[in-house]
Amino acid sequence: MRLSPSRRLIGGAAMAAALLAVCPAAFAEQVSVPADQKAPELAYQLTEGENINAFLRDGPAAAHVLLRSGDEPRILVAFPAGNSGVGLWFETLAAPAQWTLETPPAAITVPDGKGRPLNGVRLLATIRADGLSVKQAVLSNVRFLRDYQAVGRFPGEVAATPAAAGDTLVFARDRVDGAPGYYMALRVVSGTLAGQTINAGSDGLIRVEITAATGDPALTGFTEAELLKETAADDPVAREALRFLSYREKFLAGSWRFNTYFGRDTLMSVQLLMPALQPAAVEAGLNSVLARLDPRGAVAHEEGLSEFALLERRQHGQSGDAASLDYAMVDDDFMLAPVAATYLLDHATPAQAQAWLGAPVALESNPGESAQAQELLLRNLKFVVEAARPFAADPRWANLVSLLPGKLNGQWRDSHEGIGGGRYAYDVNAILVPSALEAAARIAASGLLTGLSEQDAALLAEAARLAGVWRARAPELFRVSTPSKQARSAVTAYARSLGIPAEPALAALGKNRLDYHAIALDDEGRTVPIIHSDEGFALLFTDPVPADLDVMVASVMRPFPAGLMTDIGMVTANAALAGDALKADFTPAKYHGAVVWSWQQALFAAGLERQLKRTDLPQATRARLTRAQADLWRVIKAGREVQSSELWSWAYVDGRYQVVPFGAGQQDVDESNAAQLWSTVYLAVKPPEHTALVGGEEAGDR
């Protein structure tokens, strides 16, 4: 739904003049809306817990509007442009209140106080509350909004002074360098405005027209046909989320909190989505990673943009707003080679592969410069070989790939609890490093890399040999075998502490030892006893021998808390065998604790499908994989309503597990993104045909 066509003056010239008088930096209230009545390119809504989420992409405007209900209401608008955002947090209410979105977001253009256009949205919302008093406004890069939401702090330089005139409350500011900045206005349609408090009208309702806009440059979106092949699943929610997060410049990790590039998220999403993506989309994702490599060939984890980059550079005595790139993670360094090999050797035609390798890539790491994709990919392949040499020469734990010095995390579990204080992650060392080496060897053997120097050719020739050592020696360092009596006692006690039944887990365990791979090794080479979901990487990228495959699958597929399976999904971590300190770090309220991450289920599902295509497995192993596949897709279906979100938690009520949106609980450390890039991978990761899901239901249910 659009607002009235052409241009109109909101509140009249008198109000605009009053705003400028009380706040010289306030923006003129003249708003442009498109003259046509065409439907927007992309518009959809979904509700998770207390959050109403409304997404719009229409021309230069792209925005995610979040209305938070409850006793701590919030209005937040996040923009893919510059990963910018505007947010209002209100004082705690005496009783919870519920937002209603009356008019969905429509694209608008607002000129700032200097006549420069800002792109954004306008919507109408209602809440039943006696009053809303603004506690804090934050208008800046979303990194600062995230910080305020998490710890209540943001830099003083980005503070916005409110201006009130008549029925409208405006927050507006230029960027700290004077560039076009950020704007948010609440026009009270029902109720009264007194300072920074909106009081309800006689009907007990507050109705506000919300306008939000950013001056950061817009990104270039894909059309659905440019993004997806016809083979992509008919899943409207996943398609909409992927389109909102996909741009020619880069893929965004998730909204609202991560509307920016993340290397790992891009690579794993491209890998899993590749069967459903158009070649141009695959190459856009790979190019975004290549463009941000450091001189050694390491993959950038995250980029800081716009005002965040400005302030971060100032802290280091630098100027400008070029993206600041973070290389703190180690897992993404070893993901690029396998994903690139999958595209070059398994999906692209030889002509497509050669064209991509020869094409220039504009460098985000060195703005204004470019390099051929082959040159950049080769830089990473050489990095992989160099990093693998120490362990291959002397295969002991101290020569594994460690987290970077001073860092508490370095792979996808990038929160405080992460890998339980470990220094050497299982997924990085047992799976990703040898997989990257094998991918380097495959690419080198393909002949696609042209004009290699003798030195580079010799370096790549090492890759296969190094991979053999890593594949044979690294996984065994993480192997744990817990005696039956000890395992059963630990499972029983842990289940009791969580208020869940132990019987299904104990029955699956039987009298057997509990074998699994530890999530990590600590800084003295000891295993960190957390059962985890990262075996999915092994299923997707490697060909384990049957005995190892049985251990990997069993450790995940046993009922929680002997394994990871619940009625509503596969949790990503199980601390049943750990001490009390680790148990406290892996609860259902922790970001990487006993919670369900949608993409980890997809990873495991894609890995099972790949393993079942092998022809060298004994029948007993194939039967176990087939059962695991059916059980996994059953729980994936159970969480289908939240499948495109980042993660979810659970509660055990009335004898069963129930989905609880992450962030809804008082103890939850954060909240889930409503649109998460790697949660859209079910567009390509599909159930086996006999349980194929169509439009959210099993085909046989229609």
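Descriptive notes on the structure:
- For the stretch 361-396, a residue qualifies if it is outside any helix (DSSP H, G or I), under 25 Å from the mean Cα position of the chain (by Cα) and not aliphatic (A, V, I, L, M), and the qualifying residues are GLU364, SER365.
- Contact map, the stretch 587-610: residues that are farther than 11 Å from TRP648 by Cα and assigned to a loop (DSSP other than H, G, I, E, B) paired with residues that are open to solvent by 10 Å² or more (accessible area, probe 1.4 Å) and among the basic types (Lys, Arg), Cβ distance under 6 Å, separation 6+ or inter-chain. No pairs are found.
- Tabulated pairs, the stretch 511-534, first free of Cβ contacts under 8 Å to residues at least 40 places away in the same chain, second among the β-branched types (Val, Ile, Thr), C-beta under 6 angstrom, 6+ apart or interchain: TYR516/VAL480; TYR516/ILE531
- Residue in the stretch 414-433 that is surrounded by the fewest Cβ atoms within 10 Å (Cβ to Cβ), counting only those that are at pLDDT 95 or above and assigned to a loop (DSSP other than H, G, I, E, B): GLY421
- Some residue of the stretch 603-614 being open to solvent by 50 Å² or more (accessible area, probe 1.4 Å) and of a type outside the set (Asp, Glu): yes
- Restricting ARG488, ARG471 to those that are open to solvent by 50 Å² or more (accessible area, probe 1.4 Å) and either under 20 Å from ASP332 (Cα atoms) or within 31 Å of the chain's Cα centre (by Cα) (or both) reduces the list to ARG471.
- Each residue in the stretch 567-586 was checked for being touching a helix residue (DSSP H, G or I) at 6+ places or on another chain (Cβ under 9 Å), more than 24 Å from MET268 (Cβ to Cβ), not in a helix (DSSP H, G or I) and not hydrophobic (A, V, I, L, M, F, W, C), and 1 of them qualify.
Matching residues to (1) more than 22 Å from VAL270 (Cα to Cα); (2) of a type outside the set (A, V, I, L, M, F, W, C); (3) without any contact (Cβ under 8 Å) to a residue 60 or more places away in the chain:
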| site | (1), (2), (3) |
| --- | --- |
| ALA351 | no, no, yes |
| LEU363 | no, no, no |
| ALA373 | no, no, no |
| LEU377 | no, no, no |
| PRO395 | yes, yes, no |
| LEU400 | yes, no, no |
| PRO405 | yes, yes, yes |
| ASP414 | no, yes, no |
| ARG442 | no, yes, no |
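- Restricting attention to the stretch 338-360, the residues that are under 14 Å from ALA439 (Cα atoms) and either more than 24 Å from the chain's Cα centre (by Cα) or of a type outside the set (Ser, Thr, Tyr) (or both) total 7.
- Any chance ALA164 is over 19 Å from ASN83 (Cα atoms) and open to solvent by 30 Å² or more (accessible area, probe 1.4 Å): yes
- Restricting attention to the stretch 127-137, the residues that are aliphatic (A, V, I, L, M) and either closer than 18 Å to ASN51 by Cα or assigned to a helix (DSSP H, G or I) (or both) total 3.
- Flag if ARG57 is farther than 21 Å from VAL170 by Cα, of a type in the set (D, E, K, R) and not in a loop (DSSP other than H, G, I, E, B): yes
- In the stretch 138-153, the residues that are part of a helix (DSSP H, G or I) and either farther than 15 Å from HIS64 by Cβ or open to solvent by less than 40 Å² (accessible area, probe 1.4 Å) (or both): VAL142, ARG143, PHE144, LEU145, ASP147, TYR148, ALA150, VAL151
Residues are listed down the side, and each one gets a yes or a no for (1) within 33 Å of the chain's Cα centre (by Cα); (2) modelled with pLDDT under 95; (3) of a type in the set (Val, Ile, Thr):
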{"position": "SER4", "(1), (2), (3)": "no, yes, no"}
{"position": "LEU9", "(1), (2), (3)": "no, yes, no"}
{"position": "ALA13", "(1), (2), (3)": "no, yes, no"}
{"position": "VAL22", "(1), (2), (3)": "no, yes, yes"}
{"position": "ALA25", "(1), (2), (3)": "no, yes, no"}
{"position": "ASN53", "(1), (2), (3)": "yes, no, no"}
{"position": "PRO60", "(1), (2), (3)": "yes, no, no"}
{"position": "LEU101", "(1), (2), (3)": "yes, no, no"}
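- Only one of the numbered conditions (1) under 23 Å from LEU357 (Cβ atoms); (2) open to solvent by 20 Å² or more (accessible area, probe 1.4 Å) is not met by ALA436, and that is (2).
- Some residue of the stretch 170-187 being out of contact with any Cys (no Cβ under 8 Å at 6 or more places or on another chain), closer than 30 Å to SER319 by Cα and open to solvent by 50 Å² or more (accessible area, probe 1.4 Å): yes
- Test for ALA507: is it surrounded by 14 or more Cβ atoms within 10 Å (Cβ to Cβ), out of contact with any Asp or Glu (no Cβ under 6 Å at 6 or more places or on another chain) and either modelled with pLDDT of 95 or more or not in a helix (DSSP H, G or I) (or both): no
- Just one of the listed residues (ARG496, ARG479) is under 21 Å from ALA425 (Cα atoms), open to solvent by 10 Å² or more (accessible area, probe 1.4 Å) and modelled with pLDDT of 95 or more, namely ARG479.
- Enumerated helices (runs of 4 or more DSSP H) restricted to the stretch 192-311, each holding at least 3 residues that are surrounded by 23 or more Cβ atoms within 10 Å (Cβ to Cβ): 236-245, 263-273, 279-290
- Residue that is most open to solvent (accessible area, probe 1.4 Å), among those in the stretch 562-581 that are aliphatic (A, V, I, L, M) and more than 17 Å from ALA630 (Cβ to Cβ): ALA581
- When the stretch 366-403 is filtered for residues that are acidic (Asp, Glu) and open to solvent by 70 Å² or more (accessible area, probe 1.4 Å), the ones remaining, listed by number, are GLU369, GLU375, GLU386.
- Lone unmet requirement of (1) at pLDDT below 95; (2) buried (at least 16 other Cβ atoms within 10 Å of the Cβ) for GLY156: (2)
Listed here are the residues, each with its yes/no results for (1) open to solvent by 10 Å² or more (accessible area, probe 1.4 Å); (2) modelled with pLDDT of 95 or more; (3) in contact with a strand residue (DSSP E or B) (Cβ under 6 Å, 6 or more places away or on another chain); (4) aliphatic (A, V, I, L, M).
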residue: ALA594; (1), (2), (3), (4): no, yes, yes, yes
residue: LEU617; (1), (2), (3), (4): yes, yes, no, yes
residue: ARG622; (1), (2), (3), (4): yes, yes, no, no
residue: ASP631; (1), (2), (3), (4): yes, yes, no, no
residue: ALA638; (1), (2), (3), (4): yes, no, no, yes
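- Residues in the stretch 154-191 that are in a loop (DSSP other than H, G, I, E, B) and among the aliphatic types (A, V, I, L, M): ALA159, ALA160, VAL176, ALA179.
- Residues being under 13 Å from LEU514 (Cα atoms) and either open to solvent by less than 10 Å² (accessible area, probe 1.4 Å) or part of a helix (DSSP H, G or I) (or both) - total across the stretch 533-559: 8
The values are calculated or read from the model by the stated rules, or taken from the named source; none is laboratory data. From a predicted model like this one, the values you see are computed outputs, not experimental measurements. As a convention, Cβ positions derive from the backbone with ideal geometry for all residues, glycine included, and neighbour counts pool all protein chains shown. Side chains are part of the model used for accessible areas, which takes the heavy atoms of the whole protein and leaves out ligands, DNA and RNA. Shrake-Rupley method; radii C 1.70, N 1.55, O 1.52, S 1.80 Å.
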